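The values are calculated or read from the model by the stated rules, or taken from the named source; none is laboratory data. Please read all numbers here as calculations on a predicted model, not as lab measurements. Note: ideal-geometry Cβ built from the backbone for every residue, glycine included; neighbour counts use all protein chains shown.
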Amino acid sequence: MAYYQAAPPPAAADPNRTLTIVGFVLAFLCSLAGLIISIIAYNKSKAVGYKNNLALAGIIIAAVLMVLSFVLNATGAFNGMYGR
């Protein structure tokens with residue numbers, strides 16, 4: 001009689017998928033709101049035990065875009081765009 005190993009259970013779906021997608025999209029449109037929502041989604045998923053790479057990407061993208069906009073604004077790179 002052969003003994004077979006049982007198939008592993010299917011991976012659980014992320015319970016915060018909607019919040020993750022909203023945070024990721026807002027990371028491009030409104031960096032501060034995207035950063036906050038992505039952090040919330042990442043922390044909620046981490047508490048459940050799910051590794052949420054999309055929320056992590058939203059955090060990174062929002063942070064990079066915020067820093068980039070601050071640097072460009074501080075150096076005056078946007079002054080030529082608005083005719084000042």
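Any chance segment 57-65 includes a residue that's exposed (fewer than 14 other Cβ atoms within 10 Å of the Cβ) and touching a Pro at 6+ places or on another chain (Cβ under 7 Å)?
no
Pick from segment 9-30 the residues that are crowded, with 20+ Cβ neighbours inside 10 Å and polar (S, T, N, Q): which of them is nearest to the chain's Cα centre (by Cα)?
Checking each candidate, the answer is T20.
Pull out all pairs, ordered by first then second residue, where Cβ-Cβ is under 7 Å, the residues are six or more apart or on different chains, the first lies in segment 29-40 and is at pLDDT 95 or above and part of a helix (DSSP H, G or I), and the second is surrounded by 15 or more Cβ atoms within 10 Å (Cβ to Cβ) and not aliphatic (A, V, I, L, M).
Close Cβ pairs (under 7 Å, with a partner that is surrounded by 15 or more Cβ atoms within 10 Å (Cβ to Cβ) and not aliphatic (A, V, I, L, M)) amount to G34/G23; G34/G58; I37/G23; S38/G23; S38/F24; S38/G58.
Restricting the search to segment 31-53, which residues are under 10 Å from the mean Cα position of the chain (by Cα) and surrounded by 18 or more Cβ atoms within 10 Å (Cβ to Cβ)?
If the condition is that a residue be under 10 Å from the mean Cα position of the chain (by Cα) and surrounded by 18 or more Cβ atoms within 10 Å (Cβ to Cβ), then G34, L35, I37, S38, A41, Y42, N52 are the ones that fit.
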